[in-house]
1. Report, ordered by chain and residue number, the lysines lying within cross-link reach of residue A:306, taken as a straight Cα distance under 21 Å and ignoring same-chain residues fewer than 8 apart.
2. Report the calculated FRET efficiency for residue A:62 and residue A:405 (r = Cβ-Cβ distance, R0 = 22 Å), to the nearest 0.05.
3. Other chains' Cβ within 10 Å of B:106-118 residues: what's the mean?
4. When you count, for each residue, the other Cβ atoms within 10 Å and take the mean per peptide, how do A:5-14, A:482-491 rank with the highest first?
5. Normalised by the number of residues in chain A, what is the relative contact order in percent for Cα pairs under 8 Å and 6+ residues apart?
6. Give, in nm to one decimal, the length gained when the segment between residue A:52 and residue A:289 is fully stretched (0.36 nm per residue of separation minus the Cα-Cα distance).
7. Quick check: residue separation of residue A:476 and residue A:116 times 0.36 nm, minus the Cα distance between them. What number comes out in nm?
8. Counting just the Cα atoms, what span does chain A cover along each of its three principal axes? Round to the nearest Å and put the largest first.
Amino acid sequence: MFIDARTLPNRTAIETDLAIIGAGPAGITLAREFAGRNLSVHLIESGGFEGDPDVQALYEGESTGIEYSLIGNRLRQFGGSSNHWGGYCRPLDEIDFERRDWLPFSGWPFPRSELAGYYDQAAERVEIAPGKFTDETYWREKSGEQLLSLATGRLEIQFVHYSPPTRFGQRYRDDLERAGNITTLLNANVTNLAGQQNGRDVKHLDIATLTGLRHTLKARAYVLATGAVENARILLLSRDHNSRGLGNAHDLVGRFFMEHPHVSGFGEIVMTDKSRLPRIYRERVKADNRGAQVAFKPSAKFMREKKLLNATFQMGVAGAYRAENARPHGDPQRAADHVDMLQASRRLLTDGATVLDSDDPSYSGVWLGLGSSCEQAPNPDSRVTLSGTKDALGLQRVRLDWRLTEQDRRSYVAHVRSLAQEFGALGLGRMKIDIEDDGKWPRRVDGGSHHMGTTRMSDDPRSGVVDRNCRVHGIDNLYVAGSSVFPTSGTANPTLTLVALALRLADHLKGKLA
Amino acid sequence: MIQLEQSRRDFLRRALCWVALGALSGCRALAGPALAPGDASANWLRDVIGNLDSAAHFGRIYLDAYPDERDARQLFNRIENVAQGRTDFESVSAAVRDDYVRGNTVSIDGWLLSRTEARLFALAALSSP
Ligand SMILES: Cc1cc2nc3c(=O)[nH]c(=O)nc-3n(C[C@H](O)[C@H](O)[C@H](O)COP(=O)(O)OP(=O)(O)OC[C@H]3O[C@@H](n4cnc5c(N)ncnc54)[C@H](O)[C@@H]3O)c2cc1C
């Protein structure tokens, strides 16, 4: 059932078993797990079915670190940011869960194997092909092409899967509508998690509508699932019994904000014969009616040996060159440079063949555009706090201070070089690297709209906001869902993992609330 | 193979002459005839890499960065050494790939190149006007 909170009488007091705040992928996944159970569930969503500029404006905030748009990187409506996500899916790597002695604050409370079954279920929820993320035999058969045997030991491959992309709001709306025990409150903004006197429980939620109504909702358990920026914001705003905010006894809420830094224009690869790079390495290939493409990433062995963080590279053919028509690159000088390299290395890049295309002897090769994203070290100074300005509900906006470290940069540069070396070692291509190893990040670093880490998970309340079950330390009935609980970010796009974690949390809560 | 061996010997002989000429004239840039298209030594280099003009472009940048390598004999010997004493295409190509595997690379105007490949380009530069 769906109810518009603006249609309820002012000061409606609702009681339920489970309150889930936020109807994005995390909240919707969690709610659906309770469909048909003998429990009443309320899913409380700030937006409606369609985007509304006034609601979206509640996401405005300040960015004081690396430039970051807080309004362009999230959507505040039913379905959350899945209304415009790209659908890239893959799990975190085993090493991402490990404590790495070269990476302060690393280590999840459990290994990746804990999520294995949940990843399989999550793959269904995001509608990707069965999770064959590393299964080379499967993809060799499906793509009908030999895959490459990598040569340097520095890199390995994984197969990124593409969700249609699943718009969680649209895709699962009927399920929520039909579930007799689930009520979705739309246009309902949670403004405060009211605490009990004892400070150990949430007593109720305060809800406000943009039309000026105020409601309350009392539950046996509460799950905050409003995305990694808002999860921190709501905890920081909930100050009934602690001026620092709820669950913030150790000043950790909002700290350790992580993104996946994306550097564009860090390099290009030229290849004389693109057919030497099988299609699935340079474009999406369909199998079982779903798309997948290779991503290159550093091998765990190499990361351990060199004490590096994780990274991911993907590529696609961006243009082809003929000797007398060297212009596919927007910059003519760069195009000439590409052609020079293609001509200079021609024999080495074709195993000695001279003419590539007898119909077109002037054909020189292609250039590949490259995409990358890298892991950033958990950094307590990279953080979300509250700003001095207020939104239309009178709540302090967020201030984001996203920061990167020299360790992140060094790691990234090393992996860029590994990619160039791998292409050389395979005799596939030559890479021009446009990122200097000069101790400075390039002027332009973007995020991937992946917000993580602000309520990190740890068994120790002094180093994490939530425990291994995603329960806020020190609060008996408050849980967090979403990528804010990630202690480290890896480089996998976060949604598959946060959906897996939501499914795991559902199992935990089923036991708790039974 | 015999023909190739002949070509590379020709190449070396000619390259050494140019070095001598360069040294005698005291020029920083090596004086010497450009390789003519039908030239056997040019054929050897062309057989191993690709277009000599393009290669020379990168070779000049390499030599600017490593001026003490402006010596064709030394360059040639180094290439021959890493290619395990052989200079046929397969051996040189394997040496180039091996450089990438071992991380024996240099940055030439942003291009990450195998050291051996960069030296081949340098030879092309030394042999062009
Ligand atoms: C352009 C773009 C592309 C992306 N591409 C990818 C991709 O390819 N792969 C990938 O894995 N991820 C991608 N992401 C990230 C992905 O969208 C998020 O990881 C995912 O949506 C997070 O799910 P969530 O449920 O935790 O949070 P959200 O999707 O942010 O949902 C939070 C929900 O909470 C609601 N809410 C917020 N505040 C309140 C409040 N006070 N009261 C009540 N409700 C509230 C919001 O309206 C929203 O519906 C992309 C994101 C963007 C913006």
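Read-outs throughout are calculated quantities, based only on the coordinates presented, and are distinct from any laboratory measurement. Being a predicted model, the structure only gives us computed values, none of them experimental. Glycine also receives a Cβ, built like all others from the backbone with ideal geometry; neighbour counts cover every protein chain displayed.
1. A:297, A:440
2. 0.50
3. Taking the mean over all residues of the peptide, I get 5.
4. Per-residue Cβ counts within 10 Å, averaged per peptide and sorted highest first, yield A:482-491, A:5-14.
5. Details: 1224 pairs, mean separation 123.7, N = 514.
Value for chain A: 24 percent.
6. Between residue A:52 and residue A:289, full extension yields 81.9 nm more.
7. Working: separation 360, 0.36 × 360 = 129.60 nm, distance 2.72 nm.
Taking residue A:476 through residue A:116 to full extension adds about 126.9 nm, to one decimal.
8. 79, 45, 40
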